[in-house]
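One structure below.
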Amino acid sequence: MGVIDKTTLKKIPRLKISIYKYKNKNTYFCRFYVGKVHYKSGYKEISLKTKNINEAISKANTEFKMWFSVNKDTTTKEEKNFDLDIAQPYLNFKVRKYKHKTHLKNNEQGERDKSKWKYLKPFFEDVDYNDIETIEQIIDDEILSSLQEEGKSGNTINKYFSVITQMFKRAKDRGKIDYVPDTPTQQVINTPREPYENSELNLINNRCKKEYEKTKDIFFLECKDYFNLLRSAGFRPGLEPLNLKRKDYEFIKDKDNPETDILKFTVRNTKTKPIHYPIANDFFTKYIFSEIINRHQNLKDDDYLLFPFIKDRKTLKNKTGKTFSRFSKDLNLYYYKGGTRPLYAIRHTYATEQWKKGTSIEDISKLMNTSPRMIMSVYLGNTDEALIQLHKRIPKKFKVIK
């Protein structure tokens, strides 16, 4: 649009409306905060089509009221920006601190932290950094799982968590926040993430149903749908399955077994490639998927498959993760054998169930959109169940000479 002429800037503090002209325009514009659900910047800008400041103020008030009367989900409270408020002040300080260090390793410390933040930043976008429960869930579930899936060593993972801890400590010292989140210990990082048993996931499903019966909030039934979807195929929990639209599934046929429907999904913009095609297990296809499809009526192909009426998918991702962890903790399932089992552990369950059924490592990796090396080192690795299944594959006629 151009550069704002700051000499024309007028603010209405009560409503937090800014009125101004651009240097290359003669008429006034206004803008006010409406939330990132509506615009990437979070701000709604409107041309007021007048050169008169008093008329511009009147029109801005009218536009403000009209917007909020139509868009009920709009917020006037600006979201907290983790990058600008927490990360950048710390990184700028770190770069300044080490800029003139003579030792090369120290000299580059600030740049190394910036590199780690480039990886971490997407996890904290659109997150309220005062919400300690969400922050710790992101750290323990998403970040730890993501770093492990990429094959990072325990020491390297610890360095990423150290950057997060130092950011929060500095922000706390300056009164920006009042806590420093707990990060996984070295023992937790190095402990294989155990899968859930299907019976345990059924207990969490039942908890979802009971919560719905108690609150009549359909969100909890939709959580059950989401958890079941993750169990059905090789999804990465998070935005990949949550961004599925109703047009992103189809039934395909096997000419050798035409009576069986094969449920295929199209997942776009995945972590490892542009498109992935998970296929659901037969039980889910036959008995559960219809419940998800019929949960809401009169939806269109471009509507979301899960939680179709929630626009903010990043907030939804965090909320569903917290809900799963809360129910798992309530059922004494979350902490297990020195480690934790957040929502991402369902992905470990899927890998383990496929391994138990005799699916090859190569095929499991294709189903889960990752590499065979990651399947063995992260999802199966040294968990008890994986070792039990490995033992079953060892020829029983093998003898040891005394």
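See the values below:
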| read-out | value |
| --- | --- |
| Inter-part distance where segment 19-76 and segment 115-157 are each reduced to a Cα centre, Å | 36 Å |
| At R0 = 35 Å, FRET efficiency that the Cβ-Cβ distance of D261 and D178 yields, to 0.05 | 0.05 |
| Sequence-distant residues sharing a close amide H with D128 (under 5 Å, placed H) | none |
| Exposure proxy ranking, count of Cβ atoms within 10 Å, fewest first, for S69, S115 | S69, S115 |
| Length gained when the stretch D303-K97 is fully extended (0.36 nm per residue, less Cα-Cα span) | 69.2 nm |
| Dimensionless Rg over Rh [segment 237-386; C-alpha; Kirkwood] | 0.97 |
| Whether segment 88-182 is rounded, prolate or oblate, judged on the alpha carbon gyration tensor where a/c under 1.5 counts as rounded | oblate |
| Under DSSP loop assignment and at most 14 Cβ neighbours within 10 Å, longest chymotrypsin sites (Phe, Trp or Tyr not before Pro)-free interval of the chain | 40-178 |
| Packing-based exposure ordering (other Cβ within 10 Å, fewest first) of I361, I53, I177 | I53, I361, I177 |
| Rounded tilt (10° steps) of 345-356 against the dominant C-alpha axis of the chain | 30 degrees |
| Cα-projected label distance for Y39 with D312, points at 7 Å along beta-carbon direction, nm | 1.7 nm |
| Residue-by-residue Karplus 3J(HN,Hα) for segment 255-262, coefficients 6.51, -1.76, 1.60, Hz, glycine and proline x | 4, 7, 8, x, 6, 9, 7, 10 |
| Interatomic Cα distance distribution for the chain, bins of 20 angstrom, percent | 22, 48, 26, 4, 0, 0 |
| Top of M368, M167, M66 by mean-square fluctuation, Gaussian network on the chain, Cα under 10 Å | M66 |
| q = 0.14, 0.25, 0.29 Å⁻¹: log10 I(q)/I(0) that the Debye formula gives for segment 4-70, counting C-alpha atoms only | -0.38, -1.12, -1.35 |
| Proxy reagent accessibility, fewest Cβ within 10 Å first, across S199, S58, S146 | S199, S58, S146 |
| Loop GluC sites (Glu not before Pro), segment 233-333, which have at most 13 other Cβ atoms in a 10 Å radius of their Cβ (DSSP) | E259 |
| Choice from K210, K322, K264 showing the highest fluctuation, given a GNM over the chain with Cα pairs closer than 10 Å | K210 |
| Net lengthening on full extension, L15/K65 (0.36 nm per residue, minus Cα-Cα) | 17.0 nm |
| Value at 222 nm in deg cm²/dmol, rounded to 500, when DSSP H runs of n ≥ 4 in the chain each add -39,500 (n - 2.57) | -13000 deg cm²/dmol |
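Where a number appears in this text, it was derived from the coordinates with a stated rule and is not lab data. Computed from a predicted structure; not experimentally measured. Heads up, the Cβs are rebuilt from the backbone with ideal geometry, glycines too, and the neighbour counts pull from every protein chain shown.
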